[in-house]
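Asker: Here it is, the structure, as structure tokens.
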Amino acid sequence: MSAGAATTTAAALPVLHISYVKSGSYFLWQAFDLLCRAAGQKRSFVQQHPVQALRRQLTDFSIEQFDIDQILVQDEATYWQVEMQHVEAIDDLDAYVAACSHVWTHSFLCERSWAVYPRFAKVCAIVRDPRDALVSMAHFVQTPFMRRYHPHDAQSPQDYVAMELTRFLEDWVRHTGDHWRARHALEIEFLRYETMVADLPAALRHLRDWVGLPLDDAALLPIAAALDVDAMRKKNPQHVRSGKRGGYQELLDQGQQRRALDICGPLLRELGYQV
């Protein structure tokens, strides 16, 4: 395989990638974006939409929100969105899907999901230890982007954990558990964030082969370099902090760690995590 064959080889696109917040969403979006670009098969609805005229008016955005095809699936409708600053109902889902190579959603599984997900050629979900996702969110709410667009009463990461631990982790259990139980019926490929970042070349080979992108291993090397945590943090310091595993042990006290394990331990074990 080679990148030069990309224009004549059809891949299984578009991909829908599902995640709970701060669970490797941006990492996976970047991986698919770089892979599709390298294969010459990148498509985007939002990047061709007149909403691009607004991007100069919304400062402090932490990542390329205006470049991300993101949908919100709810019982009453499916929406495309630019973060939460622009949310618009999708009138023609088939046309929207055809305009994209990969789409990201944080949506919880709902009745409409069963009609929306099968419209995509491939569906995957990325999971991360929710205790680390909680710590990532606790730091994220302190950034200029979040303080401007989603202000929170927490004045420190410790405040956020004290206020939100139970809600955040219970929502993770519902979001991830519902998708996990539906994985066979909806053909959802589950990916583990920690495994992917530990061996980026292997992760990229898996995604390439799963989608069927015509790229040889040499074409994956610069993509792996771009997805390194240090490179991503340099590019987007507000959104990417450390990405390390087990960081929750530095922020959560012993009581909070026990409470977290009570909430999410059973599902973590079912997902294969050693807890």
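The values are calculated or read from the model by the stated rules, or taken from the named source; none is laboratory data. Predicted model, so just to flag it, every value in this text is computed and none were measured. Note that each Cβ is placed from the backbone with ideal geometry, even for glycine, and that neighbours are counted across all protein chains shown.
Asker: Within the stretch 135-151, can one find any residue that is modelled with pLDDT of 95 or more, under 26 Å from Pro14 (Cβ atoms) and outside any strand (DSSP E or B)?
Answerer: no
Asker: Right, another one. Tell me, please, whether a residue that is over 13 Å from His17 (Cα atoms) and among the hydroxyl-bearing types (Ser, Thr, Tyr) can be found in the stretch 97-107.
Answerer: Within the stretch 97-107, none of the residues are over 13 Å from His17 (Cα atoms) and among the hydroxyl-bearing types (Ser, Thr, Tyr).
Asker: Output the helices (runs of 4 or more DSSP H) that fall wholly within the stretch 1-117 and possess 2 or more residues being closer than 30 Å to Arg245 by Cβ, modelled with pLDDT of 95 or more and of a type outside the set (Val, Ile, Thr), or say none.
Answerer: Hits in the stretch 1-117: 25-38.
Asker: Just to be sure before I move on: is Ala219 at pLDDT below 95, part of a helix (DSSP H, G or I), over 30 Å from Ser113 (Cβ atoms) and of a type outside the set (S, T, N, Q) in the structure I sent?
Answerer: Taking the combined requirement at face value, the residue does not satisfy it.
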